[in-house]
Each structure stands twice: as structure tokens, then as C-alpha cells.
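What follows is a short report on a single structure.
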Amino acid sequence: MKRFFFGPVLSRRLGFSLGIDILPDKKTCTFDCLYCEIGKTRRVTSPKTRSPFLIENKKNFELQLRNILSQDILIDTLTFAGYSGEATLNSELNTFLNITKSVRSDLHKENIPISILTNSSTINFPEIRKILMNFDNIVAKLDVGNQASFMKVNRPHFLVPQISDIINGLKQLREELDKNRLVIQTLLFSENNDRKNIDSLIEAYNIINPNKIQLYSIARPPAYAVKKIDGLQLEQIKKNMQDVLKTNIKIETY
Ligand code: SF4
């Protein structure tokens, strides 16, 4: 039987997070990031792919969630996460979200927010932004601000839009959101901590104007031979960014 839920695990960025995986167990992603913690993407998926993954198991999904939320376990957030890829590729994402909301409400746990981690590759589709807006928090990946770094670091499917279009899609999402719910997460490591990328990221952040930026580095073995950067370097980059960013954008490091 498909295991939909993981944890809760103590996440550096989300607190005690109950991970929700609505993709097949085989990695399904539009990227092949050098630092991916779940291994190489053997076959990169098109961002136009929309499959009703696992919808025939929705009763199991509901039962598993009801069982977990009925227990007296500390959970800070319910997180649709990339345990095996990019959740927005599941055409039934909104159905799984609605089941989650309904169980949360039945069990009077509305205080637990529902978050989604996305790699932003599908952000230019209006129907995807519409679904994302139904989440309490949206945590969107942006590791690079220029196309050369994008190709080197995230290694997208050839149909993934240019990084400049993705940045504009994130800006549009931010403008469409009614509340402060957009977090940009940026993983910095040996291949994207150069001056050119940092400068282009600052430019991108100022365009998107997110509510928060989370900077972090590699914590588990990466798919390819790349290296993490240490906490001191992260703090220095944060300081350099903070000096030139719009003052309302908060940066956190992990
Ligand atoms: S987007 Fe996430 S799941 Fe996909 S390759 Fe990158 S790190 Fe791995």
C-alpha cells in the first residue's frame, strides 16, 4: 500500500512537519538538481505532464491521515513535499489538498497550516497558481537568477520555461496572493555561490518581492559530486543580500 505520510520530522525550516507525498515511488521531477537528496532524475519529466497519480488510493490517503491526526502528536505543519519529485505534476493535487483540509477540519486541527514545497517549474501555468493559492503557505524554489546557472544547477527538462519567465511567474503569484504566504527557498552550494549568481538572485528577489527568503545548504548526500557551503559563508551572503534588498523582505538562514 502506498505510504503517503512521512514523519513528523523536525525540519530546519518548517518545525515538526508531517510530509505528504502524492507521487509514485519512482522519482517524478522536472529537474535533475546537482544537489538532490533523493538521487539523480533518471528521466526528467515535462512540466506539461499532468497525471492523476494515486487518485484510486484516495480512501487510503484519508484513512492514513485521519489515523495520524487523531493521535496526540506534535505537528507544526502538514507539508506536500518533494519526497519523490514535484507535487504539482499530480493533476489531482487539489483533490488531495481538499481531503487534507476536510480531515483537518473534522478533527478540529485547523490551527495546523498546510504548506507546499514546489520547484517553481510549473508556476507559469495559471491553473497551477490557482491551486497553490489554496495552500496556507507556499514555499517555492529559486536557486539561481540567470539562465546559465539554471542549466548548470537545476538541469531542467527542455520544456521548462526560462528562469526569467519563472521569476515573473513567481512575481505574479505574489501579486495574486491575498495574504503574506510566499516563501522563496534558495539552496546555496559550491556551484551557485559565485558573485554573478548572487547578484542575479538579488535582482530576482527584488522583482518577486516574497514575504521571506530561506537560505540553506546541503544537509544530506547529494546526487552528484558537489559540496555544501558552511554557516559562515551563508551568513556573509545573507548580509550582502540584506544590504541591497527591499527592506520588507526578511532573510533567514538554516
Ligand atoms: S526539484 Fe527537488 S526533487 Fe527535483 S531534482 Fe531538484 S531537489 Fe530533487
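The values are calculated or read from the model by the stated rules, or taken from the named source; none is laboratory data. Not measured: the values here are computed from a predicted model. Cβ sites come from the backbone with ideal geometry, for glycine too, and all protein chains shown count toward neighbours. Keep in mind that these areas ignore ligands, DNA and RNA; they rest on the heavy atoms of the full protein, side chains included. Shrake-Rupley method; radii C 1.70, N 1.55, O 1.52, S 1.80 Å.
When the Kirkwood hydrodynamic radius is evaluated over all pairs of different C-alpha atoms of the range 5-253, what value in angstrom, to one decimal, is obtained? Result for the range 5-253, one decimal place: 18.5 Å.
By definition, a body whose alpha carbon gyration tensor gives a ≥ b ≥ c is prolate when a/c is 1.5 or more and a/b is larger than b/c, and the range 7-46 fits this prolate description. In the full protein context, the range 5-253 carries 45 Å² of accessible surface per residue, based on a 1.4 Å probe and ignoring ligands, DNA and RNA. Ligands, DNA and RNA left out, the accessible area of the chain computed with a 1.4 Å probe is 51% carbon and sulfur. Relative to the longest principal axis of the Cα atoms of the chain, the long axis of helix 231-244 makes an angle of roughly 70 degrees. Each helix, a run of at least 4 DSSP H residues, gives -39500 (n - 2.57); summed and divided by the residues of the chain, these come to -10000 deg cm²/dmol at 222 nm. For the chain, the relative contact order is 20 percent, taking Cα pairs closer than 8 Å that sit 6 or more residues apart in sequence and dividing their mean separation by the residue count. Applying a 4.7 Å Cβ-Cβ cutoff to the chain leaves Cys29 as cysteine residues with no disulfide-compatible partner. Note on the chain: with charges restricted to the Cβ of Lys and Arg (+1) and Asp and Glu (-1), its dipole about the Cα centre is near 380 debye. Compared with the dominant Cα axis of the chain, that is its longest principal axis, helix 163-176 is turned about 60°. Pairs from the table (Lys130/Lys212; Lys27/Lys212; Lys130/Lys152; Lys40/Lys212) lying more than 24 angstrom apart at Cα are Lys27/Lys212; Lys130/Lys152; Lys40/Lys212. 3J(HN,Hα) couplings calculated from phi for the range 62-75 with the Karplus curve 6.51 cos²θ - 1.76 cosθ + 1.60 (θ = phi - 60°) are, in sequence order, 4, 5, 4, 5, 4, 4, 5, 6, 6, 7, 8, 10, 6, 10 Hz; Gly and Pro show x. Peptides 167-173, 103-109, 41-47, ordered by how many other C-beta atoms sit within 10 Å of their residues on average, highest first, read 167-173, 41-47, 103-109. The calculated FRET efficiency for Asn209 paired with Lys40, based on their beta-carbon distance and R0 = 41 Å, is about 0.75. For the range 26-108, the Cβ-based charge dipole about the Cα centre amounts to some 420 debye (Lys, Arg positive; Asp, Glu negative; other atoms uncharged). Tally Lys/Arg at +1 and Asp/Glu at -1 over every other residue whose Cβ is under 12 Å from the Cβ of Thr122; what's the total? Computed value for this residue: +2.
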